[in-house]
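Visitor: Below is the structure I would like to discuss, written out as structure tokens.
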Amino acid sequence: MKAFDAAEKFCFEGRVRDVSPYGNGHINDTYAVVCDRAEGRVRYILQRLNSNVFPNRAGLMRNMIAVTDFLRAEVAKEGGDPERECLALIPTKAGERYLTTEDGEVWRATQFIENTDAYLVADDPEMFRDAGRAFGKFIARLSGFDASSLFEVIPDFHNTAKRYAAFERALAEDVCARAASAAAEIDFVSARKEGCSLLVDALAKGEIPVRVTHNDTKLNNVLIDVDTKRAVCVIDLDTVMPGTVLYDFGDGVRAGCSTAKEDEPDLAKVDFDLSLFEAFAGGFLKGMEGSVTARERALMPAAARMMTFECGMRFLTDYLSGDTYFKTAYPEHNLVRARTQFKLVARMEELEGEMATAVAKA
Ligand code: ADP
Ligand code: GN1
Ligand code: MG
């Protein structure tokens, strides 16, 4: 189904005037829908879920419905504005919470949170601190949500050891004969096989608690108010699953503490910014409202490195597999992304002591 036709199936106010691709997500097809009403235009977000990445879209949507309903009630209890601080699904004209087409595609719509931006780089430490607070707060708000009720949308999503095994398989198969062009990156990953199970082991041994986590806390998954630069709403709830706070902290650092975009081809521009790290850690711990344990805190610097390594390894694996997972704009795109992540990992290895000091200060 075309996006425009899908848009017409939802209970939007007014008449659908325009449906255009929107945002920089790597997974779903996202559109901004503009509708005309007597009072003026109103916008919505319309998304077609990625059926390759999410085989069980009904399970995913069950999670999203439960989580958004829960969060809206929490925000209301705090005296906040649920319309702005939480995603709300717009029902279809048939009265469903989302649309399933005859060919099995799933489309969903939410309110467009106006006067906000999604950033690809954190150019302002105070904005980034507040993004950290919002991600920490997201977990704190869900502390009363039953983790066992959630469907595991992507099993072992942040199991870095299993991600390593997938990398090895892709390398052995080398279906596109691309391994030769990524020799340095393959060596970088291979040299770090040991240590991949740090976080999964800590969870399995009960050293750190299982919590309901977001699992995809990159900076452009939190909408920032254009005027105040405050984080308004955490979005992209597809991967909300049981996990550890360290996944969310680590992935937020990965995405936001770089001095350049995730796909910056010039590595000279890519560096790890310690002051951004300290800001994010401070905001995140504040958002978590004192519930981070001593062991979790001790693992925060290592988690940042691990999540960055894992993401780079996933980009490299996808490059070797022929770009079947992440959206790419050109053939080397995933390799370029992997390189920025590995540059950040190398810097974090050098800065481990400084990062621990920054967490202590935060
Ligand atoms: P993906 O899973 O593909 O990353 P997202 O749900 O993150 O999809 O959406 C992609 C982008 O669309 C976001 O980074 C953001 O820029 C924009 N976006 C998503 N939802 C909203 C919303 N409710 N209001 C405004 N912008 C949004
Ligand atoms: C994807 O969906 P998006 O673009 O916000 C990916 C994350 C990666 C990220 C890297 C479901 O996030 O895990 O860290 O790209 N999401 C999924 O930019 O795989
Ligand atoms: Mg996203």
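Visitor: Where in the range 33-142 are there helices (runs of 4 or more DSSP H), lying fully within it, with 2 or more residues that are away from ligand 1 (no atom under 13 Å from the Cβ) and open to solvent by less than 40 Å² (accessible area, probe 1.4 Å)? Spell out how you get there, then give the answer.
Guide: Values: elements: 57-77, 82-85, 125-141.
Output list reads 57-77, 125-141.
Visitor: Among (1) closer than 25 Å to residue 209 by Cβ; (2) among the small types (Gly, Ala, Ser); (3) in the same structural domain as residue 91 (by TED's automatic domain parsing), which single condition is residue 140 missing?
Guide: Failed condition: (3).
Visitor: Continuing with the same structure: For the range 286-309, indicate whether the set of residues that are within 16 Å of ligand 3 (Cβ to nearest atom), touching a residue at least 24 places away in the same chain (Cβ under 8 Å) and surrounded by fewer than 24 Cβ atoms within 10 Å (Cβ to Cβ) is non-empty.
Guide: The initial filter retains those residues of the range 286-309 that are within 16 Å of ligand 3 (Cβ to nearest atom), namely 307.
Then keep just the ones that are touching a residue at least 24 places away in the same chain (Cβ under 8 Å); that gives 307.
Imposing the further condition that a residue be surrounded by fewer than 24 Cβ atoms within 10 Å (Cβ to Cβ) reduces the set to none.
No - not one qualifying residue is present in the range 286-309.
Visitor: Which residues, taken from the range 10-24, are more than 16 Å from ligand 2 (Cβ to nearest atom) and among the aromatic types (Phe, Trp, Tyr)?
Guide: The initial filter retains those residues of the range 10-24 that are more than 16 Å from ligand 2 (Cβ to nearest atom), namely 10-20.
Within the range 10-24, 10, 12 qualify.
Visitor: Going by the conditions given, is residue 163 surrounded by 14 or more Cβ atoms within 10 Å (Cβ to Cβ), within 14 Å of ligand 2 (Cβ to nearest atom), among the basic types (Lys, Arg) and not in a loop (DSSP other than H, G, I, E, B)? Spell out how you get there, then give the answer.
Guide: Numbers: surrounded by 14 or more Cβ atoms within 10 Å (Cβ to Cβ): yes; within 14 Å of ligand 2 (Cβ to nearest atom): yes; among the basic types (Lys, Arg): yes; not in a loop (DSSP other than H, G, I, E, B): yes.
Yes.
Visitor: (1) away from ligand 1 (no atom under 16 Å from the Cβ); (2) assigned to a helix (DSSP H, G or I); (3) over 23 Å from residue 222 (Cβ atoms): which one isn't true of residue 6, the others all being true?
Guide: That leaves (1) as the condition not met.
The values are calculated or read from the model by the stated rules, or taken from the named source; none is laboratory data. Since we're looking at a predicted model, the values are computed, not measured. Here Cβ is always computed from backbone atoms with ideal geometry, including for glycine, and neighbour counts include all displayed protein chains. Surface areas here come from the heavy atoms of the whole protein model, side chains and all, with no ligands, DNA or RNA. Shrake-Rupley method; radii C 1.70, N 1.55, O 1.52, S 1.80 Å.
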